[in-house]
Amino acid sequence: MDIENKLVNEIAQLQHNFAETTNKLIKDIKRQNKILEQSDKRQRKEYDELLALKQEIEETQREVVFTMGAIGESRSKETGNHVKRVAEYSKLLALFYGLDEQEAEMLKQASPMHDIGKVAIPDAVLNKPARFTNEERVIMNTHAELGFQMLGTSKRPLLKMASIVAYEHHEKYDGTGYPRGIVGEDIHIYGRITALADVFDALGSDRVYKKAWEDEKIFTLFKEERGRHFDPRLIDIFFDNLDAFLSIRDRYRDVAGQH
Amino acid sequence: MQNMKIEETKYTPAIELDASGAITIVGKSYPENTFEFYAPVMKWVESYFESGAKKLAVNMEIVYFNSSSSKLFFDLFDLLEENNNPELIVNWIYDAENESAMEAGEDFKEDFEKLQFNLKAK
Ligand SMILES: [Fe+2]
């Protein structure tokens, strides 16, 4: 009987120890789960904050860039939607040319800044209603290099891109452009694209000093300037996808009297 | 008992251990090796109670922390609960806008029923 009782006591003690250990294990596992849950929740929250911050930065950048473009334009009395149209044309040309979506989107933001150098051109020259003298033309043409200098010191990829655009948007494919007179594919694709987008829009818009050209007249000029002013590949892209470009023009049409 | 002070870094909080009965931990907690980093703190708390001291106010204001810090805080509160007494209080301080800091505090409070665990929104 004694032996039996001893055994029972021992087993009871084991049972008790076992229960204690398992309870502790269960508590630990529950705690671990809780820590994981807590961390997951926090991480998701922090991720949300990160995304919101990223969006904020991107929006700020877009706004700054757009405002810079608008400043360049407003100083030379361009109409309000010119910036938007040049942006859209540039992106479309970039995509058809084969740049990826991200680069095309960047160019869309950078190309409207092409004339930012005009902020440094004296009003008397910039807004002269009559034809420029040779001297004034030289001053006017410095806006490309001025823009390049203004934006070129930035380390931001977008502003670097914009500095290329500013520098090279008046270069011509045959080497007769300015400021450097570089030729063909020595002109960066960003410059070649913006040149076409800017000219297409300028010719098709009413200005203080001129009426908008008829489409046929623009198309004739573009065909003549294929390989001269403009990259032949971009001209082909333009005519192959003419409807897309015209629908952008319709979408951002200038309202009469709007500035 | 000696006072102890650990300066804040980019990844770790400012810590003050005052032998007159106060602990403050303020900042974020992303140490490279969490348990190594807090080892002196845990040791200090252990010897504080071993010395027979009772009164202790623990003020924690942690903005961001990683999972191993969370585990470490559980361990710390375990240690406090083992030495629980009427003069021991924990204040979990958080910015009213920092929802996750608040929720973490609620979780701790829930787990350590015996402790005087106060949630204080700033
Ligand atoms: Fe220009």
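The values are calculated or read from the model by the stated rules, or taken from the named source; none is laboratory data. Keep in mind that this is a model prediction, so the values were computed, not measured. A quick note on method: Cβ atoms are made from the backbone with ideal geometry, for glycine too, and the neighbour counts reach across all protein chains shown. The area values use the complete protein model at the heavy-atom level, side chains included, leaving out ligands, DNA and RNA. Shrake-Rupley method; radii C 1.70, N 1.55, O 1.52, S 1.80 Å.
Pairs from the table (A:Lys128/A:Lys217; A:Lys41/B:Lys109; A:Lys24/B:Lys71; A:Lys128/A:Lys211; A:Lys34/B:Lys28) lying more than 24 angstrom apart at Cα are A:Lys128/A:Lys217. The tail of the calculated P(r) for region A:47-251 beyond 20 Å holds 57 percent of all Cα-Cα pairs. For the protein assembly as shown, DSSP calls about 30 percent of its internal beta bridges antiparallel.
Legend: mean number of C-beta atoms from other chains within 10 angstrom of residue C-beta atoms, peptide A:44-51, equals 1. When accessible surface is computed with a 1.4 Å probe, chains B and A are found to bury approximately 1400 Å² between them, both chains counted.
What number, in percent, do you get for the relative contact order of chain A if the mean sequence gap of Cα pairs under 8 Å and at least 6 apart is divided by its residue count? Over chain A, the number comes to 17 percent. Put a dot 7 Å past the Cα of A:Thr21, heading toward its Cβ, do the same for A:Gln61, and the two dots end up 5.9 nm apart. Note on B:Tyr64: accessible area approximately 80 square angstrom, rounded to 10, probe 1.4 Å, nucleic acids and ligands left out. In this Cβ point-charge picture (+1 for Lys and Arg, -1 for Asp and Glu), region B:4-121 has a dipole of about 340 debye about its Cα centre. In this structure, the amide hydrogen of B:Ile93, modeled 1.01 Å from its nitrogen in the peptide plane, lies closer than 5 angstrom to those of B:Met60, B:Glu61, B:Ile62, B:Lys120, counting only residues at least 5 positions away or on a different chain.
The average projected area of region B:4-121, computed from the convex hull of its Cα atoms over all directions, is 6.6 nm². If R0 equals 56 Å, the separation of the Cβ atoms of B:Ser67 and A:Leu242 corresponds to a calculated FRET efficiency of about 0.45.
With all protein chains kept in place, the per residue accessible area of chain A amounts to 59 square angstrom at a probe of 1.4 angstrom. Each listed q (0.08, 0.10, 0.12 Å⁻¹) maps to a log10 I(q)/I(0) for the protein assembly as shown from the Debye sum over equal C-alpha point scatterers, namely -0.65, -0.74, -0.87.
When region B:4-121 is described by a simple charge dipole with +1 on each Lys and Arg Cβ and -1 on each Asp and Glu Cβ, the residue from B:Phe37, B:Ile25, B:Ser51 located farthest towards its positive end is B:Ser51.
Working ranking of peptides A:137-146, A:161-170, A:21-30 by packing, defined as the average number of other Cβ atoms within 10 Å per residue, highest first, is A:161-170, A:137-146, A:21-30. Charge dipole of region A:47-251 (Cα centre as origin; +1 on each Lys and Arg Cβ, -1 on each Asp and Glu Cβ, all else neutral): 720 debye, rounded to the nearest 20.
Debye-formula intensities of region A:160-214, expressed as log10 I(q)/I(0) at q = 0.20, 0.29, 0.31 Å⁻¹, are -0.70, -1.01, -1.09 (one equal scatterer per alpha-carbon, no solvent).
Mean partner shielding of peptide B:100-106, defined as the number of other chain Cβ atoms within 10 Å of each residue Cβ, is 3.
Packing here is the average count of other Cβ atoms within 10 Å per residue, and on that basis the peptides B:81-91, A:51-61, highest first, run B:81-91, A:51-61. Share of carbon and sulfur in the accessible area of chain A stands at 56%, probe radius 1.4 Å.
Within 10 Å of the Cβ of each residue in B:67-77, the mean number of Cβ atoms contributed by other protein chains is 3. Each label was represented as a point 7 Å from its Cα along the Cα-to-Cβ direction; for B:Lys54 and A:Glu224 these points are 10.2 nm apart.
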